[in-house]
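Everything below concerns the one structure shown next.
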Amino acid sequence: MPICRSPISLCLAATLFVGALPATAQSYPTPMRTIDIPPSRIEPQEGPTPPQEGLTLDLGALDDADDAVANEAPLAPAAAPEPSAEQLALEAIAAAEAAKLRSANTSQLAAAKAQLDRINADQNAQQERLAKYREEAAAHAAALSEYEAQLAAARADRERWAADVAACRAGDRLRCGLGDGRR
């Protein structure tokens, strides 16, 4: 039975032979319907066919393809091609740049660590200064309250003295102070 080389039959043949069906279609078997067309109904194409729009493939004869596959030598593992001088130079430049980048990264990391250490030291020093300030402020507040207590005591003593002097002048000799006799 001759193979009809129309674009539709080529697409179907390509998907069946290559296995280019979607993954969902290949994951489980699907029932295929086949249509048997008697050879009398297929009209052979005479002479060259006019070019059609779209993609057309020339498959050739199946016997030629089988002979080509049989005559083909098995593929030997290909040896890695020798790198050219330009490739070697580019690799050397890339290695030098990578080394320079690693060096810059290392120095940047060291600088960042030193900066973080300075920041931590400054924060610790600030905390110490703040604690010292708070201690001094508390001591100052205690001194102020002690001073005000002394002032209040001194005012009370002065008021008591003024009251004693006024009572002494009024004639209450018990509240008069003792003099040293110099007047």
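The values are calculated or read from the model by the stated rules, or taken from the named source; none is laboratory data. Keep in mind it's a predicted model, so treat the numbers as computed, not measured. Here the Cβ positions follow ideal geometry from the backbone for every residue, glycine too, while neighbour counts run over all protein chains shown.
Below is a table of values for the structure above.
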{"quantity": "Meets criteria (within 37 Å of the chain's Cα centre (by Cα) and either in a helix (DSSP H, G or I) or not β-branched (Val, Ile, Thr) (or both)) for LYS113", "calculated": "yes"}
{"quantity": "Out of ALA121, ALA162, ALA89, sole residue that is surrounded by 10 or more Cβ atoms within 10 Å (Cβ to Cβ) and modelled with pLDDT of 95 or more", "calculated": "ALA121"}
